[in-house]
Each structure stands twice: as C-alpha cells, then as structure tokens.
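Everything on this sheet refers to the single structure shown next.
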Amino acid sequence: MEPEHEDAMRTDFAELVRLRDEVLHAEVLDRPNSEVKALDDQRHNLEQRWSNGPHAQAWKHLCSAYRDWERNPERVRQFLAWTEHYRDIGHERLTAVEQRNIEQARELSGNTFHVDYERNAPDAARFTPEMPVPAFGPVRRRIERGR
C-alpha cells in the first residue's frame, strides 16, 4: 500500500468513527430522521468506497482491529504482547500497515491508557486501622527527637 493511500485510509477511518458517533448522538438526542439518515448515508458511502476498493483487505483489518479494541481490549493487549515476543525472537507476525492499524484502532477506541490494577493492589491495602493514613499539613503531630 502506497503511503498516500494509507494516509487517506486512516483519515477516512477516523471520519467513519466520527460519523458513527454522530449517528448515535443524533438518535439519542431525537434529531430529525433526515439528519440521522444523512449522517448514516455519509458513513455508508465512506465504508463502501473502501470495502469495494483495491485496499479492501487493509480496510477490513482496520475495521476488525477497531471492533476488537471496543469489545475486548484485554485480548488485543495480549495479542500485541504475543506479537512483540515473536518480533523479539525474529518472527514478524504483522505487516507494518497491520501494526499501524492496531495502533490507530486503539487510539480511536479510547484504549490508549491502561493501568495494571494488580500492580496497584498493594497500595490500596497498605493503610489499615492498625496503620492509618499519615496526616499531612497542620494536623500532623510533630515528632520530638531526643526528649
């Protein structure tokens, strides 16, 4: 895929996601059916142009990656860890376009930030009645040394 075609695909896919959101918001806000239909027609035309074009396979992969990030982000994270492991030992599992598809889908689906809650679990249980949260500011008791 030529870089200019990939750029166009990425721009159009971002527009497709925006149009999907617009359609949902228009339906929730009870906008006139003509407005909802116009947005949905734009979305459909954009999708059809790429689905039936010469780069349909790359478009399908991008759509699939986005759907996977929306439905099961943890599974996609595991898949990326697996592909990174194989890349480290010299076996590339994804093409450069597929890797960028997954990255764009992650950004558009809102899965760019991930907190490993297991890592933070000890912090949540550190303070107990026997060991209260330390007081800061004027409330804290001063420690008198040497008296």
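What does the extension gain come out to for ILE89 and ASN33, with contour length at 0.36 nm per residue minus their alpha carbon separation? Before the final figure, lay out the partial values.
Values: separation 56, 0.36 × 56 = 20.16 nm, distance 5.43 nm.
Gain on stretching ILE89 to ASN33: 14.7 nm.
Taken as Cα centroids, the range 13-41 and the range 53-91 sit 27 Å apart, rounded to the nearest whole angstrom.
Would you kindly state how much longer the chain becomes between ARG18 and LYS60 on full extension, computed as 0.36 nm times their sequence separation minus their alpha carbon distance, in nm to one decimal? Write down the numbers at each step before the final one.
Values: separation 42, 0.36 × 42 = 15.12 nm, distance 1.76 nm.
Going from the current span to full extension adds 13.4 nm.
Identify the GluC sites (Glu not before Pro) of the range 19-55 meeting these criteria: DSSP loop state and at most 13 other C-beta atoms within 10 Å of the C-beta.
Details: sites: GLU22, GLU27, GLU35, GLU47; in loops: none.
When the GluC sites (Glu not before Pro) of the range 19-55 are filtered for loop state and at most 13 Cβ neighbours within 10 Å, nothing remains.
With 0.36 nm allotted per residue and the present C-alpha distance subtracted, the LEU46-GLU98 stretch has 16.7 nm of extension available. Given +1 at the Cβ of Lys and Arg, -1 at the Cβ of Asp and Glu and no other charges, the dipole of the range 3-110 around its Cα centre is 300 debye to the nearest 20.
Computed from the coordinates by the stated procedures, all read-outs in this text should not be read as laboratory data. Please read these numbers as outputs of a predicted model, since none were measured by experiment. When we count neighbours, we look across all protein chains shown, and the Cβ atoms used for this are built from the backbone with ideal geometry, even at glycine.
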